[in-house]
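Written out below as structure tokens is the structure these notes cover.
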Amino acid sequence: SYHIQKSRCAQCGYPSKKLRHYNWSVKAQRRKTTGTGRMRYLKVVRRRFRNGFREGPRPVKKVTS
């Protein structure tokens with residue numbers, strides 16, 4: 001649905017940086033919302049959030065004496 005003369009996509013709004021969406025079309029928002037794609041970064045953020053955003057080396061195991 002790329003309009004050659006306008007040089008703009010009617011569905012997603014390419015080449016603009018942000019995706020085209022309107023609140024009057026709830027079903028279209030549902031199809032294109034976060035979670036319908038790969039979520040390469042957000043998958044990692046969710047896991048880090050559950051662990052409290054730990055960073056650095058792993059804690060040393062305590063030896064039972």
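Just so you know, all these numbers are worked out from the coordinates, no wet-lab data involved. All values reported here derive from a predicted model rather than from experimental measurement. Ideal geometry is used to build each Cβ from the backbone, glycine not excepted, and the neighbour counts take in all protein chains shown.
Quick notes on this structure:
- Loop-resident sites, the chain, for trypsin sites (Lys or Arg not before Pro), counting at most 14 other Cβ within 10 Å (DSSP): 6, 17, 18, 20, 38, 54, 61, 62
- Given their separation in residues at 0.36 nm each and the Cα-Cα distance between them, residue 6 and residue 48 gain 10.9 nm when the chain is fully extended.
- Label positions at residue 61 and residue 19, each projected 7 Å from the Cα along the C-beta direction, are separated by 4.4 nm.
- Close amide H pairs (under 5 Å, H built 1.01 Å from N) link residue 8 with 3, residues at least 5 positions away or on another chain.
- Only the Cβ atoms of Lys and Arg (+1) and of Asp and Glu (-1) were treated as charged; on that basis the dipole of the chain about its Cα centre amounts to roughly 220 debye.
- Equivalent-ellipsoid semi-axes of the chain, from the Cα gyration tensor, Å, largest first: 45, 14, 8
- Where Cα atoms sit under 23 Å apart: lysine pairs in the chain separated by 8 or more or lying on different chains: 10
- Using just its DSSP H runs of length 4 or more, each adding -39500 (n - 2.57), the chain gives a mean residue ellipticity at 222 nm of -8000 deg cm²/dmol after division by all residues.
- Tilt relative to the chain, helix 40-50 - C-alpha long axis, 0 to 90 degrees, to 10: 40 degrees
- For chymotrypsin sites (Phe, Trp or Tyr not before Pro), the sites in the chain that DSSP calls loop and that have at most 16 other Cβ atoms within 10 Å are 22, 24, 53.
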